[in-house]
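Visitor: Structure below; questions to follow.
The values are calculated or read from the model by the stated rules, or taken from the named source; none is laboratory data. From a predicted model like this one, the values you see are computed outputs, not experimental measurements. Every residue, glycine as well, gets a Cβ built from its backbone with ideal geometry; the counts of neighbours run over all protein chains shown.
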Amino acid sequence: MKLLNSILTVLFIYVLIACSGGKPETVTVEKKVVIAYALQPRNIYWPDTVDAALKRATEIQKAESRRFFMTGLDLLANKNDAASSIEYFKEAICFYPDAKNYQHLFKAYLKNNELTQADSVNNFLYQRIDEGEVTFNFALVAAARKNEDACVGLLDEAVRQGFTFKERITEEKLFDFLKNNQSFQAMLVSRFSDESALKKNLFTTFMAGIPDLALPYAMPADSSQSFNFDHYINYDFALFIPGMEDSRFSRDVSNEYMYVGSFNCEAGKAFIYKSYRMIADTLNPVSVNLVVYDSLGTIVSQQEIGCFCSPLESKGFKIWQDFSFEVSTYKTTWQFDPLEKGYAGNKIVSKEQSAHNTYKITKENLVKETAIQTEVVLGK
């Protein structure tokens, strides 16, 4: 009987702690148009229902999910308003329940100190994201609860499972209370003693998720504008993406990065990705970039090889089997000047090539121009 009373007392205290702080203030989410959910709010933690929603979600629903996600990310990262961001991430999930939306919902709950809810999201993420990432998330929750032993044990387990992001541990404010913990210090020394090996392992993890491209490979200028948000590059891999800021909560949310694919070159690895700039205009600029790495993942060279640079200019490319490639630039003529009349109701009259450049990836992993730029006279 005494044992039963003790267990009930502990459970009561846990529930009391979990429920303390009052009910979060309700946030009104702005909706522009009426678009049906792919997933009802009551089902966001039902795996089979979520999987079905992922398969049937339309491009319109994905776009609406993206809009809510970006608003939530702005609230969380730039405006330090985790409480408001929660509702936007929930809306994003209802329109398209991909893992990225759940991960940011977890971050928002954690930052808002809603730890029971954070646990629920992370439990759902098990087998949907990397195992080490899930364990690291549990370590964050343990840190928020100031549970030293559980936190250190979970961090050690996360690293054992393949979590190689040392800076995310050493720079995380939630782990500051462990700075004088001997077990924590020993774990860092034993697990992160070889920086070059860590970087190589991280690069291997990054490349493992990127599809291989068969050469020759071409992307016409018209295709440069297209953007697949399912190919989102996790900010954990910012080390390998020029211009990508490596920060978990504080970063510029106006740019997003999506992979295209990779291929082996003579002495390294080449990777193509798109950078998408979120602006108010509906015709958002997209830059297609080539990066060449050495075997450790160090960036040796980079080159923009395609773009929807503006409504007036775009670029396409083709890469050959000998690692030479050509970039063609096109000028677009509109019925009316889009800077004066805008794009609504405006039509493209013509698209003509204006320049042509050729390059080659050398044995030293350098991108070198192989011919003087050819200017093309429009209209001829």
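Visitor: Could you please find all residues in the stretch 104-134 being among the aromatic types (F, W, Y) and in a helix (DSSP H, G or I)? Explain how you work it out, then say what you get.
Guide: Keep residues of the stretch 104-134 that are among the aromatic types (F, W, Y), which gives 106, 109, 124, 126.
Within the stretch 104-134, F106, Y109, F124 meet the criteria.
Visitor: Working carefully through the options L178, L202, find the one that is more than 22 Å from Q103 (Cβ to Cβ), touching a residue at least 24 places away in the same chain (Cβ under 8 Å) and either within 18 Å of the chain's Cα centre (by Cα) or surrounded by 20 or more Cβ atoms within 10 Å (Cβ to Cβ) (or both).
Guide: Within the list L178, L202, the selection yields L178.
Visitor: Looking only at the stretch 308-324, filter to residues that are small (G, A, S) and surrounded by fewer than 17 Cβ atoms within 10 Å (Cβ to Cβ); which one of those is farthest from H356 (Cα to Cα)?
Guide: Let us first name the residues in the stretch 308-324 that are small (G, A, S), namely 310, 314, 316, 324.
The next check asks that each one be surrounded by fewer than 17 Cβ atoms within 10 Å (Cβ to Cβ); those that pass are 310, 324.
Working: S310: 18, S324: 14 Å.
For the stretch 308-324, the residue satisfying everything is S310.
Visitor: Could you give every pair whose Cβ atoms fall below 9 Å, whose first residue belongs to the stretch 71-83 and is under 14 Å from F106 (Cα atoms) and touching a residue at least 12 places away in the same chain (Cβ under 8 Å), and whose second residue is of a type in the set (V, I, T) and buried (at least 20 other Cβ atoms within 10 Å of the Cβ), counting only separations of at least 6 or pairs across chains?
Guide: These pairs meet every condition: G72/I86; L76/I86.
Visitor: Only one of (1) over 20 Å from D294 (Cα atoms); (2) surrounded by 14 or more Cβ atoms within 10 Å (Cβ to Cβ); (3) among the polar types (S, T, N, Q) fails for S190. Which number is that?
Guide: The failed condition is (2).
Visitor: Another question, then. Would you point out the residue of the stretch 182-233, among those that are aromatic (F, W, Y) and in a loop (DSSP other than H, G, I, E, B), that is nearest to Q61 (Cα to Cα)?
Guide: This residue is F227.
Visitor: For I60, all conditions in the list (1) touching a helix residue (DSSP H, G or I) at 6+ places or on another chain (Cβ under 6 Å); (2) in contact (Cβ under 8 Å) with a residue 12 or more places away in the chain hold save one; what is the number of the exception?
Guide: (1)
Visitor: Quick one: in the stretch 143-167, which of the residues that are surrounded by fewer than 18 Cβ atoms within 10 Å (Cβ to Cβ) and in contact (Cβ under 8 Å) with a residue 40 or more places away in the chain is nearest to N122 (Cα to Cα)?
Guide: Among them, the one singled out is G162.
Visitor: Which residues, taken from the stretch 242-266, are among the hydrophobic types (A, V, I, L, M, F, W, C) and either at pLDDT below 85 or more than 21 Å from A99 (Cα to Cα) (or both)?
Guide: Passing the criteria: M244, F249, V253, F263, C265.
Visitor: Now for a different question. Which one of these is modelled with pLDDT of 80 or more and either acidic (D, E) or touching a Phe, Trp or Tyr at 6+ places or on another chain (Cβ under 6 Å) (or both): K315, K269?
Guide: K269
Visitor: Could you go through the stretch 348-360 and let me know if any residue there is part of a loop (DSSP other than H, G, I, E, B), out of contact with any helix residue (DSSP H, G or I) (no Cβ under 7 Å at 6 or more places or on another chain) and either at pLDDT below 95 or buried (at least 17 other Cβ atoms within 10 Å of the Cβ) (or both).
Guide: The answer is no, given that none of the residues of the stretch 348-360 is part of a loop (DSSP other than H, G, I, E, B), out of contact with any helix residue (DSSP H, G or I) (no Cβ under 7 Å at 6 or more places or on another chain) and either at pLDDT below 95 or buried (at least 17 other Cβ atoms within 10 Å of the Cβ) (or both).
Visitor: Could you list, in sequence order, the residues of the stretch 110-142 that are of a type in the set (S, T, Y) and either in contact (Cβ under 8 Å) with a residue 24 or more places away in the chain or out of contact with any helix residue (DSSP H, G or I) (no Cβ under 9 Å at 6 or more places or on another chain) (or both)?
Guide: T116, S120, T135
Visitor: Of everything in the stretch 150-172, what is under 20 Å from the mean Cα position of the chain (by Cα) and in a helix (DSSP H, G or I)? Give them in sequence order.
Guide: Result: K166, E167, R168, I169.
Residue-wise test of (1) in a helix (DSSP H, G or I); (2) surrounded by fewer than 20 Cβ atoms within 10 Å (Cβ to Cβ); (3) over 15 Å from the mean Cα position of the chain (by Cα).
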site: T49; (1), (2), (3): yes, yes, yes
site: A52; (1), (2), (3): yes, yes, yes
site: I60; (1), (2), (3): yes, yes, yes
site: E64; (1), (2), (3): yes, no, yes
site: M70; (1), (2), (3): yes, yes, no
site: D74; (1), (2), (3): yes, yes, no
site: S85; (1), (2), (3): yes, no, yes
site: Y102; (1), (2), (3): yes, no, no
